[in-house]
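**Student:** Please find one structure pasted underneath; my questions will follow.
The values are calculated or read from the model by the stated rules, or taken from the named source; none is laboratory data. From a predicted model like this one, the values you see are computed outputs, not experimental measurements. No Cβ is skipped: glycine too gets one built from the backbone with ideal geometry, and neighbour counts run over all protein chains shown.
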Amino acid sequence: MKPRNNAKSDNDDDQPRLAVLIDADNAQPSVIEGLLAEVAKYGVASVKRIYGDFTSPRMTQWKAALLRHSISPAQQFAYTSGKNATDSSMIIDAMDLLYTQRFDGFCLVSSDSDFTRLAQRLREEGLTVYGFGEKKTPDAFVRACDKFVYTEVLRKEAAASAPAKPATAKPAKKTVSKSAPAQPASTVAPTQAVAATEAKDKSAEPLPLALIRQAIEEASDDNGWAFLGAVGSYLNKIQPDFDPRLYGHRKLSDLLKHQPKYFAIEERGASGSNKMIYVRSLG
């Protein structure tokens with residue numbers, strides 16, 4: 001292949017151009033808000049396409065999402081029972097887009113291992129591949145991507161950022177009971193808050209201490225201190241699905257700051273945007 005034409009317009013703000021390809025058979029409409037917000041962190045979604053049989057009743061929810069987010073549908077009829085023609089259509093389109101030489105990376109949205117070789121092929125051409133899928137995604141596809149994000153994380157973020165709905169229930173009729181005193185209404189809210197906190201703690205996965213320590217060691221200087229940015233980059237290289245949000249924190253710095261028993265954090269440089277964070281393993 002000839003080198004890609006990397007000339008970009010001023011409107012792109014020199015951000016990487018990305019092609020977002022969604023396998024509607026293996027992705028849920030409920031993730032689309034968080035998905036596109038996540039893609040925006042990595043570049044501009046120049047192309048957004050979704051593949052599936054939209055004549056099927058199963059695609060009703062996807063149809064509404066397509067208009068709302070300007071995603072182009074690629075209709076793929078199920079010509080033969082038991083055969084997934086959607087995968088073939090998506091792979092062919094990906095290769096066509098690859099040879100236009102207009103993109104810096106691809107976002108493959110699926111939990112299907114059939115896209116493993118596609119991810120490998122795109123990376124062989126020097127493009128960055130971001131994978132998005134459920135936790136059931138086969139490890140082969142996860143490892144074939146430069147970065148892999150589990151959609152369960154995106155659903156949680158979307159639910160957390162959604163505004164609370166106002167209560168519409170009608171007030172219950174007051175009844176007077178001589179046998180028992182009225183229960184204070186304030187005792188209900190704390191119980192619900194505790195339950196929500198416990199549920200959040202249970203959803204977090206065990207912290208991969210050995211993996212993080214290995215990344216720090218690889219990026220550290222003679223005194224054992226490592227620049228946090230280099231640690232994060234190494235973590236993604238050896239484990240593409242590493243994500244601080246899986247462990248209850250949005251950023252790697254927040255994750256390590258909440259583990260003072262295992263890691264020391266040091267901020268260097270001037271305050272503001274020039275501040276740099278370093279980390280060192282303890283023990």
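**Student:** Search the stretch 120-157 for residues being hydrophobic (A, V, I, L, M, F, W, C), in a helix (DSSP H, G or I) and more than 11 Å from the chain's Cα centre (by Cα), and hand back the single one that is surrounded by the fewest Cβ atoms within 10 Å (Cβ to Cβ).
**Tutor:** The residue in question is ALA140.
**Student:** Here is a follow-up. Could you list, ordered by first residue, the pairs with Cβ atoms under 6 Å in which the first is in the stretch 95-113 and more than 18 Å from ASP146 (Cβ to Cβ) and the second is modelled with pLDDT under 95 and in a loop (DSSP other than H, G, I, E, B), at least 6 apart or interchain?
**Tutor:** Correct list of pairs: GLN101/ARG4; GLN101/ASN5.
**Student:** Across the stretch 31-58, what is the number of residues that are buried (at least 20 other Cβ atoms within 10 Å of the Cβ), over 13 Å from LEU21 (Cβ atoms) and among the hydrophobic types (A, V, I, L, M, F, W, C)?
**Tutor:** 2
**Student:** Taking the stretch 229-259 on its own, how many of its residues are touching a residue at least 12 places away in the same chain (Cβ under 8 Å), more than 17 Å from VAL142 (Cα to Cα) and not in a helix (DSSP H, G or I)?
**Tutor:** 2
**Student:** Read through the list (1) surrounded by 10 or more Cβ atoms within 10 Å (Cβ to Cβ); (2) modelled with pLDDT of 55 or more, then give the number of the only condition that GLU198 fails.
**Tutor:** (2)
**Student:** When the residues of the stretch 260-269 are narrowed to those that are modelled with pLDDT of 90 or more and assigned to a loop (DSSP other than H, G, I, E, B), which ends up surrounded by the most Cβ atoms within 10 Å (Cβ to Cβ)?
**Tutor:** Checking each candidate, the answer is TYR262.
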